[in-house]
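Structure first, then comments.
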Amino acid sequence: MASEDEDYFLPPEGVRPFSSGVRRKRVQFVPSSNLDTTTAPAPAPSSSGTSIADKYLSIVMNQSAPNTSPSTPTQRAPSPPIRTQSAPPTQDTIPPPPSAATTPAAPEYCDVCNLPLPPQSSADATDPKHRPHEASLAHQICVAHSHPPSHLDRTRPGLRYLSTYGWDPDSRLGLGASGREGIREPIRPRVRPGTAGLGAGLDEDGDPLPPRPPPVKVQKLNPKEVRKKAAEDRRRAERIRKAFYQNDEVLKYLGEGV
Amino acid sequence: MSGNRSDSEGGARAKRQKTDGGDPKNNPYLAHMYENDNGSDNGALAKFKRHQTTSAMARKAEDGDINPFSGRPFSSKYFSILKTRRDLPVHTQRDEFLQLYQQSQILVFVGETGSGKTTQIPQFVLYDDLPQTQGKMVACTQPRRVAAMSVAQRVAAEMDVKLGEEVGYSIRFEDMTGPKTIMKYMTDGMLLREAMNDPNLTRYSTIMLDEAHERTMATDILMGLLKEVVVRRPDLKIIIMSATLDAQKFQRYFMDAPLLAVPGRTHPVEIFYTPEPEQDYVEAAVRTVLQIHATEAEGDILLFLTGEEEIEDASRKIALEADEMVREVDAGPLKVYPLYGSLPPHMQQRIFDPAPPPRRPGGRPGRKVIVSTNIAETSLTIDGIVYVVDPGFSKQKIYNPRIRVESLLVSPISKASAQQRAGRAGRTRPGKCFRLYTEGAFKKELIESTYPEILRSNLSSTVLELKKLGVDDLVHFDLMDPPAPETLMRALEELNYLACLDDDGNLTQLGRLASDFPLDPALAVMLISSPEFYCSNEILSITALLSVPQVFVRPAAQRKRADEMKNLFAHPDGDHLTMLNVYHAYRGSDAQANPKQWCHDHFLSQRALQSADNVRSQLLRIMERQDLEMVSTPFEDKKYYENIRRALCAGFFMQVAKKDTGGKSQYLTIKDNQNVLLHPSTVLAHEAEWVLYNEFVLTTKNYIRTVTAVKPEWLLDIAPTYYDISSFPKGDIRSALTRAADRLAHREKIRAEKRR
């Protein structure tokens, strides 16, 4: 009931959604030196409008084609949540149309965060310091993230009952009439030790202070124990002195050690 | 005019006759014989039209000579009470109230404690709703039994009728109403139970939910139900009465019902905080009280602490220190009164004693200090309080569905609570409130308002009630604060294990039966299955004893003596059986000769035993109604106690712990795997391998209280689905259960061979 199940009571919204930050930290790639060995994208199997357009563009602007492929993971529109994304796997390998290439003059606005897109030039993509717009903090904040599924055991009969009445454990909604949903996690009991006042043991920001060391107990020793303790203290002092002041040359001079 | 006026209202009359059961007074031809005490709907109320009256009309009726409800002349005491009643704040807004009441089906009424809402509003309603003409009643719910009783008593006096006739009350295990009753005070739990058998609450024309701000479980469920009932019954009127300012929440919940607020008579309260957090709030509270006594002007002090032990301890300290102050610095006398729920009523009454006078004429004035739990926060009004000391804590029940433990924990109060506490200082004149925490802590540490009970409780009995009420869709049931899904899931699963719900979540026959008992489902199931174990008499007694406060008294000064006395009754196999021994002894002729003395000598609470007796007879009535057999194993039979222990398993098989192989006297709860210790109060003589417990006490150490030794074979036999060995992880508990199952099978085999 103590700190070890701290996570257990963490409401799912407190857990960082999977993949947050993944797109911001780019894995760096360099284009292959041998153009012929590039595998997938060139012969696009599907004949959809976009892929043909892509192919056309890659022919027309052939110097930008190899450059865009490394940055595919970041240029992909990140708006749909991962879980619901049901796009065919082929799309991943096809570079999306480089939108900036068409009309570089008029600034375009991002669909997700409504901020102007920076003009895209092919040179930027290879620059390791360049961060695509999708990796900017403003954009990432606006992206709808997918959430991890609820921790509830799906085999529980209680869950089955609630599910038959339409409650989805992954919906991140509590029970109750729609629009007035209740809490999602039970209230956590907290045992307060002793009679510490409200706010005691917390600093000004409300964060817990490290616990005070317990007061040292006064021990009563009998003469034998006193003697033993004195000897122990002496030994310890000797050890410390050696550790700090021992000098090999002095030792050599004295003929000790070695 | 005479009583036969109501004859014109044919349908309603017929209903009324049914309740009156052919009383000759209702016979119009005999009306002349009852000239002076004829039926209840005549005289001053004759010209009243339902829902069209005004305060002036009611005032005239109230000022008349004849009581319009009982037909008897008003007594002189009535008029003296009437005068004080008219001074209450709610009276100034009677017309306003009536208008809103007449216009709207649901009304939210806000009045601070002391505005007179609990006693006056129901009477305003009576004069306008005239339930007697409809053969119906007006109900007013209270969260606490004591409040329902005392308010009913007060209102009966105000209306100059006998308690139990026109005005009555109904609480669990006690019904004080009669056929004439038109005004019924009741606990919210009672109204909920009535709804189980009468889903439309047809007996009532108006229902008032008082103290709704306390948000008890029953009030919350009732609000959800009433929201549905008002649609089905357009003639039913609802008044939600609350003492605090979050009334908008009620308004929003009830489809923007109109709101009427009556200001209380309050004075400004100055609030003080400590500059630094206190290391020990009890000590700081004691010091603050003494400081106030030494430096502040006349006026009584109210100190809020959390529990009985803490309160008694602080009271003692304050009294000691105050005596010293009197001797040394000639301070005024200081009287200390503790106040908590389990205190006997006559001790509770003492808080209303006036403060002590100065020790000599012209000396420094005396003062009283009331050291109380949060019952003095809303439910009790004590005049004369000028200083409030608030450490910011109260004991709160909290339920953790993950380990199925309900515990009382000292927790920080809410901002709303803190304001309420401060308000107690301004009842008679401007006051001061000393908060033993920093202003920063008030803003950051305290939640806005206290969590309603429904979020903090085990819901198994609530779910059973809802199922009985026909609410199957627990997901979309419109509660003001729906509970956490996990808590509800846990309740459904517990009820399933108890066989109150089948695997599809439908109410079973057993569940329907169990819902008739005003008990926890586990207790109800235990009671219902007890005839199978030939011990329903004994289990009934144990159930009654578990439903009342602790029977053993252990005063701090005489602990040793009390423990010796308890050992007289001890049964080596556990506390349940010990309690049963106590009850049997109490019912014996020795004890009944002078029960008060006997209880005192044996350190037992006579109050608890008496109420256990009362609860037992009430439950007995339900059992007889359900055709449950009352049987006992003969006492000489060596299976007498074993049968009882088996029957206990039938209800409490989910509350079992097994001794841990590692630590000494360490136990591990089954399935939830919590490390627990036996509570030091147990009488269990031997180190039992398996114990069943009634209560899990969560403190810095975990204790199980009221334990009885059981055998794993019984558990496997009685609750095979819960003790399905394959569902247990490999380990000590699983192997112990497997061994027990083998023993069972072996015994079965031998028995089968013998039979051949």
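The values are calculated or read from the model by the stated rules, or taken from the named source; none is laboratory data. Being a predicted model, the structure only gives us computed values, none of them experimental. A quick note on method: Cβ atoms are made from the backbone with ideal geometry, for glycine too, and the neighbour counts reach across all protein chains shown.
Descriptive notes on the structure:
- Index of the failed condition, B:Arg559 passing every other in (1) within 25 Å of B:Glu629 (Cβ to Cβ); (2) modelled with pLDDT under 95: (1)
- Checked against the criterion of being modelled with pLDDT of 60 or more and not in a helix (DSSP H, G or I), the candidates B:Ser40, B:Ser70 yield just one match: B:Ser70.
- Matching entry among B:Glu642, B:Glu629 (being among the acidic types (Asp, Glu), within 35 Å of the chain's Cα centre (by Cα) and either outside any loop (DSSP other than H, G, I, E, B) or at positive phi (or both)): B:Glu642
- Residues of the range B:561-592 satisfying the condition of being outside any helix (DSSP H, G or I) and surrounded by 16 or more Cβ atoms within 10 Å (Cβ to Cβ): B:Ala570, B:His571, B:Asp573, B:Gly574
- Positions within the range B:727-755 being touching a helix residue (DSSP H, G or I) at 6+ places or on another chain (Cβ under 7 Å) and among the hydroxyl-bearing types (Ser, Thr, Tyr), in sequence order: B:Thr738
- Listed by position, the strands (runs of 3 or more DSSP E) contained in the range B:168-247 that have at least 3 residues being of a type in the set (A, V, I, L, M) and outside the structural domain of B:Leu380 (by the TED database) are B:204-209, B:237-242.
- Check on B:Ser515, more than 14 Å from chain A (Cβ to nearest Cβ), among the small types (Gly, Ala, Ser) and over 28 Å from B:Lys638 (Cα atoms): yes
- Boolean, B:Ile403 is outside any strand (DSSP E or B) and within 11 Å of chain A (Cβ to nearest Cβ): yes
- Pick from the range A:132-153, criterion touching a helix residue (DSSP H, G or I) at 6+ places or on another chain (Cβ under 8 Å) and not in a helix (DSSP H, G or I), ranking: nearest to the other protein chains (Cβ to nearest Cβ): A:Leu152
- Some residue of the range B:226-246 being in contact with a Ser or Thr (Cβ under 8 Å, 6 or more places away or on another chain) and within 14 Å of another protein chain (Cβ to nearest Cβ): no
- Total residues in the range B:548-581, condition closer than 20 Å to B:Gln618 by Cβ and without any contact (Cβ under 8 Å) to a residue 40 or more places away in the chain: 0
- Those residues of the range A:154-167 which are part of a loop (DSSP other than H, G, I, E, B) and more than 8 Å from chain B (Cβ to nearest Cβ), in sequence order: A:Arg154, A:Thr155
- Restricting B:Glu624, B:Glu629 to residues that are without any contact (Cβ under 8 Å) to a residue 60 or more places away in the chain and acidic (Asp, Glu) narrows the list to B:Glu624.
- Condition met for A:Gly194 (of a type in the set (Gly, Ala, Ser) and either surrounded by 15 or more Cβ atoms within 10 Å (Cβ to Cβ) or facing another protein chain (nearest Cβ under 7 Å) (or both)): no
- Scanning the range B:406-423 for residues that are among the aliphatic types (A, V, I, L, M) and away from chain A (no Cβ under 12 Å) yields B:Ala416, B:Ala422.
- Criterion applied to B:Phe109, B:Phe79, B:Phe69 was being aromatic (Phe, Trp, Tyr), assigned by the TED database to the domain that holds B:Thr187 and surrounded by fewer than 21 Cβ atoms within 10 Å (Cβ to Cβ), and the one residue passing it is B:Phe79.
- Condition check for B:Gln618: more than 19 Å from B:Val548 (Cα to Cα), within 29 Å of the chain's Cα centre (by Cα) and touching a residue at least 24 places away in the same chain (Cβ under 8 Å): no
- Considering only residues in the range A:170-179 that are in a loop (DSSP other than H, G, I, E, B), without any contact (Cβ under 8 Å) to a residue 12 or more places away in the chain and more than 7 Å from chain B (Cβ to nearest Cβ), the one that is surrounded by the fewest Cβ atoms within 10 Å (Cβ to Cβ) turns out to be A:Gly179.
- Selection status of B:Val386, touching a residue at least 60 places away in the same chain (Cβ under 8 Å) and within 11 Å of chain A (Cβ to nearest Cβ): no
- Odd one out for B:Thr462, checked against (1) within 14 Å of another protein chain (Cβ to nearest Cβ); (2) within 29 Å of B:Gly264 (Cα to Cα); (3) not in a loop (DSSP other than H, G, I, E, B): (2)
- Identity of the residue in the range B:489-511, surrounded by fewer than 16 Cβ atoms within 10 Å (Cβ to Cβ) and within 13 Å of chain A (Cβ to nearest Cβ), that ends up nearest to A:Asp168 (Cα to Cα): B:Asp504
- Scanning the range B:317-331 for residues that are within 25 Å of B:Tyr281 (Cα to Cα) and touching a residue at least 12 places away in the same chain (Cβ under 8 Å) turns up B:Lys317, B:Ile318, B:Ala319, B:Glu321, B:Ala322, B:Met325, B:Val326, B:Ala331.
- Those residues of the range B:465-488 which are among the acidic types (Asp, Glu) and facing chain A (nearest Cβ under 8 Å), in sequence order: B:Asp472, B:Asp473, B:Asp478, B:Asp481, B:Glu486
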